1. Please work out the C-alpha center-to-center distance from the range 45-67 to the range 286-360 and express it in whole Å.
2. Explain nothing, just the number: dipole magnitude of the range 57-175 about its Cα centre with +1 on each Lys and Arg Cβ and -1 on each Asp and Glu Cβ, in debye rounded to the nearest 20.
3. Just need the relative contact order of the range 278-336 here, percent rounded to a whole number, with Cα pairs under 8 Å and 6+ apart.
4. Quantify, in whole percent, the carbon and sulfur part of the accessible surface of the chain (1.4 Å probe; protein heavy atoms only).
5. How high is the relative contact order of the chain, in percent, counting Cα pairs under 8 Å that sit 6 or more residues apart?
6. Compare the Cα positions of Ile252, Leu103, Gly398 along the charge dipole of the chain (+1 at Cβ of Lys, Arg; -1 at Cβ of Asp, Glu; about the Cα centre) and return the one farthest towards the positive end.
7. At 37 °C and 0.692 mPa s, grab the translational diffusion coefficient of the range 22-228 from Stokes-Einstein with a Kirkwood Rh over Cα pairs, rounded to a whole number in µm² per second.
8. Based on the mean of other beta carbon atoms within 10 Å per residue, what is the order of 263-274, 169-180, most packed first?
Amino acid sequence: MEQYIIKGGKALAGEVCINGAKNAALGILAASVMTDDFVTIENLPDVRDIHVLLQAIESIGAKVERVNRHTARICGSTISSVVVENEYIRRIRASYYLLGALLGKYKNAQVSLPGGCDIGSRPIDQHIKGFEALGAKVKIHHGMIEAEAEHLTGNHIYLDVASVGATINIMLAAALADGQTIIENPAKEPHVVDVASFLNSMGANIKGAGTDVIRIVGVTKLHGSTYSVIPDQIEAGTFMLAAAATRGDVTIRSVIPKHLEAISAKLVEIGAEVEEFDDAIRVVATKRLGHTQIKTLPYPGFPTDMQPQITALLAICKGTSIVTESIYENRFKYVDELARMGTNIKVEGNNAIVNGVAELTGASVCAPDLRAGAALVIAGLVAEGYTTVEQIYYIERGYECFEQKMRELGADMEKVDSEDNKAIQKFKLKVG
Ligand code: EPZ
């Protein structure tokens, strides 16, 4: 198995370029099958989740052409099945966006029920509520969700939870329904807005994405489009916090600073300097930073996908911080791994009491999920000595060339095979 090996202690410095947003790209790729014309999607991140969804799209008969690492051309005219096999759902939950896309286009779709995962149970009741409100009959049998409708009619849908997935899935199905659909209490994340913008570029009529009410007027047909995915807010935020944790000076390029406001505000609050440019943001920290309170909330609040990373940063700051996870019921599993590096964090329910320590020591740790894995890397970058991070396939689901980008910022970090002692020794000799 591959692992990251890190020798901590280097301040990150220089520039890093952010890739396209994974969580926008997944919804956009699913939406691309809703037309029989060709669609070109640019600025795709070259990460595992994208590869899996493209395989799922190909598995139902669509044409998929990888123009280059970051561009795909898709045509849904040859789709021969509306059944998305478990293999794809098991590997990435977001394959369930094909439910909304295929239901919208063919009025029929079957997708395996996504399981829970390491951060919570992750039900899909709001997705189903939306499909049924549009007139679909939804059945769950043999581990599959089957949604079908004579035709789909717009409706007024109030989401009990501002769910990103449900908002996107309902938008997909409603785009080709008859009449107007109103979604109240929708998710407002930048990636939700990006999926709506993409659908509109295909001829859909969606207004209000990113606000408290989304209005969709169904159209009869969608046409081809060429579209570029927005920058990844979470990848950018991860590098911002890594720069602050290592007391570095990093300019993060190809970002939308507005999407990063919650993270920038917290960095300034604890004593880092943040400078915004049109499509870049610079983070500088020259001293040990202070404590704060974090509560994860739907956008524009502090993103839950940044919670492990900021907890890792606060673990080495002065004073005691409180981190409250209000989105998921089980997103502090990584704290036990951080403890192996000398952190002093007590988890009580959905709160983590983070008593800052002056320094961490390197250890062998295991990534329990994607964002927790990134948090362990941040801790490894500041820990004294060597840290190895196992199960990095989680991290590679959402971060393109993570260790290479960190190395280009001055980190002593490589990806090695955990059985390859020679490579590990070579790394240790090289970095000293
Ligand atoms: C998306 O997941 C992201 N994944 C997650 O990012 C992110 O953590 C999450 O949004 C919240 O921002 C993708 O976009 C592929 P939700 P999603 O539906 O859509 C509850 C990452 O690291 N809920 O907004 O599954 C649910 O239990 C991943 O990139 C219901 O109760 O999240 C959770 O508590 C991890 N019923 C809350 O809503 C439903 O029908 C938020 O879930 C749906 C959700």
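The values are calculated or read from the model by the stated rules, or taken from the named source; none is laboratory data. On a predicted model such as this, the values are computed, not experimentally measured, just so you know. For neighbour counting, all protein chains shown are included, and Cβ atoms are generated from backbone atoms with ideal geometry for every residue, glycine included. Surface areas here come from the heavy atoms of the whole protein model, side chains and all, with no ligands, DNA or RNA. Shrake-Rupley method; radii C 1.70, N 1.55, O 1.52, S 1.80 Å.
1. About 35 Å separates the Cα centre of the range 45-67 from the one of the range 286-360.
2. Roughly 340 debye for the range 57-175.
3. Worked out over the range 278-336, it gives 39 percent.
4. The C+S portion of the solvent-accessible surface of the chain is 49 percent.
5. Across the chain, relative contact order equals 20 percent.
6. The listed residue farthest towards the positive side: Ile252.
7. Here the translational diffusion coefficient equals 200 µm²/s.
8. In decreasing order of mean packing, 263-274, 169-180 become 169-180, 263-274.
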